[in-house]
Amino acid sequence: DFFMSIKSIFEQRLSTAMVGVGLPTETSPSVRPSVRPEFGDYQANGVMRAAKVAGENPRNLAKKILAAADLSDLVDLAEIAGPGFINLHLKKVFIAKQLSENDSKRTSTRVPKTVVIDYSGPNLAKEMHVGHLRSTIIGDCIARVHEHLGNKVVRQNHMGDWGTQFGMLIAELEYHMTSGETAELVLNDLEKFYQRAKTRFDSESAFADQARKYVVRLQSGDQHCLRLWQHFIDVSIQHNLNIYHRLNVSLKKEHIKAESSYNHQLEELVSRLSRSGIAVDDQGAKVIFLHEISDRNGRASVMIIRKSDGGYLYATTDLAALEHRAKILKANRILYFIDARQALHMKQVFSAGRLAGLVSDEVTLEHHPFGTMMGNDGKPFKTRTGGTVKLENLIDESIQRAADLVAIKNSTLHDNEILEIAKKVGIGAIKYADLSKHRSTDYVFNWDAMLSLNGNTGPYLQYAYTRICSIFKRAKVEMTQYSSKVIVNNDEEKKLCLKILQFNEVLEQVAEDSLPHLLCGYLYELASAFMCFYEKCPILKSTVAVETYQSRLTLCSKTGETIFTGLKLLGIEVTEKM
Ligand code: ARG
């Protein structure tokens, strides 16, 4: 037995009525929550389009549909508004019944999909910095949401562990190790290490020659160079895994599928594409002309897959990765969370991949780009001295600032309690600030705004959760799964119930569009609806009838559970005290 969302119940009833009045079966009533209370609780917006197709007056058609539809158990009122909207004012008993059934039934009828998600993918030649933050946390949220909805998620961390910089880095590493230092110590500060190597590369020609030689030796599989490279990679990966852990990001070692893992496939791939005529020779290089992506003058976009010196590129590896995801991982959807500046690269990879048959037409390929994190000066976020902000430092600072905030807010807490809470609040604030903005736009990074206890912020939601916890503490009742019969008597209860019921609809939308801000916006509205309810509807007062007490406590528990799960899907932890 499946639980149907309110949206789908109305869609089903209205669709049946639409077919009943002679409309084609594929016409959709297009039901969604109303944006304003005077438009009811839900709205059907599909009649206008249906009327256009049928060549009928939309208001008349709406009248006919309503006459044919049986909605008496669902609504107090279904009224036609404007050019042909149907506003649905839901019955309180229907909402209460939905909320009770929500517990006992499964929520999804969909066939699970295999969703491959490419996210984070830092370059290992540098320490993880703010430039990696958005891909990492947006991708992680979407992965969690798909898993929650029952899809099979395959995380792919396409780390950049190969390329010419590594010649310089292993030459530097060798220099230190031959003078007796351990790799661990030398690589303790990756950023410094990288800078030293770069300085030496630019100023010492013998070192630069050595570095270039090492690139070639590395590529031809030289054992000595590979060992040095492996040393470097191992330390760098461990550093990144620590960052993921601190950020509460679900990426683990087994999700790493780095660029180098495709090396052994590139030669075969390029010769296969050449044989089939997809890739052609051009000034000694192998290229693919993509007519699908041509410029204003009709010239095809050119994608190089092998340089004239025989070297392979970022694009070549991405083609191999695409084929792996489609054919070996058997993806239905492949999602890429990569900076908007790589839009052309992704377009080329997708276009070439289709052209070459590396991926079949049924598989959807989706680049979900995102904008840049800006500083208060409107330029990309930097340290005060203009350097890149390391994630390590960003995390430390967020925890410190959150600790100050918590200490002021609640003076009864011990230092170690403050630290535990501050970790959750600090990390939550950074992540929430990012996830709550529309992914595709740039946004300004602002400590005070993200740590504010008012408004659409992480701390506000975490605080709302602590309020609910304290209600249960005072009631001396266990919150999790507290469940009793729900009675909906007033508008505050009704609004809160509706919000709770909309959780799954929102998650479906988030998964469909890969937009985490929809979930944030929803949680904020839920918490706000709860605050209104809490103000208007007494729970623990002795004058409250026992059924009302139980019903209201049930609403508290369901709200708490939804905030808990919603934040978890954003990769944010809750706390019972704050
Ligand atoms: N390493 C790349 C970068 O830092 C991101 C990798 C994204 N994934 C991909 N399949 N290209 O820009």
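Going by the alpha-carbon gyration tensor, a ≥ b ≥ c the square roots of its eigenvalues, is the chain rounded (a/c under 1.5) or, if a/c is not under 1.5, prolate (a/b greater than b/c) versus oblate?
Values: a/c = 2.76, a/b = 1.47, b/c = 1.88.
Judged from the Cα gyration tensor, the chain comes out oblate (a/c at least 1.5, b/c at or above a/b).
Peptide packing for 356-369, 525-538, 133-146, 489-502 was compared via the average number of neighbouring C-beta atoms within 10 Å per residue; ordered from the highest value, the list is 133-146, 489-502, 525-538, 356-369. With each label modelled as a point 7 angstrom along the Cα→C-beta vector, the Asn45-Asp396 pair spans 4.9 nm. One Cα centroid belongs to the stretch 440-473, the other to the stretch 360-421; the line between them spans 13 Å. In this simple spin-label approximation, Asp234 and Val19 carry label points 7 Å from Cα along the Cα→Cβ vector, and these lie 6.3 nm apart.
Here the extension length gained between Lys113 and Glu505 equals 139.4 nm, from 0.36 nm per residue of separation less the Cα-Cα distance.
Positive end of the dipole of the chain (Cβ unit charges, origin at the Cα centre): among Ser120, Leu358, Ala529, the Cα lying farthest that way belongs to Ala529.
Using the per-residue mean of other Cβ atoms lying within 10 Å as a proxy for protection, in what order, highest first, do the peptides 77-83, 462-468 fall?
462-468, 77-83
Rounded, prolate or oblate for the stretch 409-533? Axes are the square roots of the Cα gyration tensor eigenvalues, ordered a ≥ b ≥ c, and the cut-off for rounded is a/c under 1.5. Judged from the Cα gyration tensor, the stretch 409-533 comes out oblate (a/c at least 1.5, b/c at or above a/b).
For the stretch 128-221, which chymotrypsin sites (Phe, Trp or Tyr not before Pro) pass both filters: DSSP loop (anything but H, G, I, E, B) and at most 14 other C-beta atoms within 10 Å? Walk me through the numbers on the way to the answer.
On the way: sites: Trp162, Phe166, Tyr175, Phe193, Tyr194, Phe201, Phe207, Tyr214; in loops: Trp162.
The qualifying sites: there are none.
The label point for Ser440 and the one for Ala407, both projected 7 Å from the Cα toward the Cβ, are 4.4 nm apart.
Given 0.36 nm per residue, what is the gain on full extension from Val280 to Glu417 after removing their alpha carbon distance, in nm?
On the way: separation 137, 0.36 × 137 = 49.32 nm, distance 6.37 nm.
So the extension gain works out to 43.0 nm.
The distance from the alpha carbon centre of the stretch 502-578 to that of the stretch 303-329 is 46 Å, rounded to a whole number. Of the peptides 562-568, 280-286, the order by per-residue mean of other Cβ atoms within 10 Å, starting with the highest, comes out as 562-568, 280-286. What FRET efficiency comes out for the pair Thr388/Ala475, r = Cβ-Cβ distance, R0 = 60 Å, nearest 0.05? So the FRET efficiency works out to roughly 0.75. To the nearest Å, what is the center-to-center distance of the stretch 133-153 and the stretch 238-299, using C-alpha atoms only? Between the Cα centres of the stretch 133-153 and the stretch 238-299 lies a distance of 22 Å.
If you put +1 on each Lys and Arg Cβ and -1 on each Asp and Glu Cβ, how big is the dipole of the chain around its Cα centre, in Debye rounded to 20?
On the way: 72 positive and 68 negative charges, 206 e Å.
Computed charge dipole of the chain: roughly 980 debye.
Taking a straight Cα-Cα cut-off under 17 Å and skipping sequence neighbours fewer than 8 places away in the same chain, the aspartates and glutamates within cross-link reach of Lys252 are Asp118, Asp140, Glu147, Asp161, Asp234.
Fully extending the segment from Thr466 to Ala343, taken as 0.36 nm per residue of separation minus the present Cα-Cα distance, adds 40.1 nm.
Between rounded, prolate and oblate, where does the stretch 1-160 land on the alpha carbon gyration tensor, with a ≥ b ≥ c its root eigenvalues, rounded for a/c under 1.5, else prolate if a/b exceeds b/c?
prolate
Readers should treat all values here as calculations from the given coordinates under stated rules, not as data from a laboratory. This structure is a prediction, so every number in the text was calculated from the model and none was measured. Neighbour counts are summed over all protein chains in view; Cβ atoms, including those assigned to glycine, are modelled from backbone coordinates with ideal geometry.
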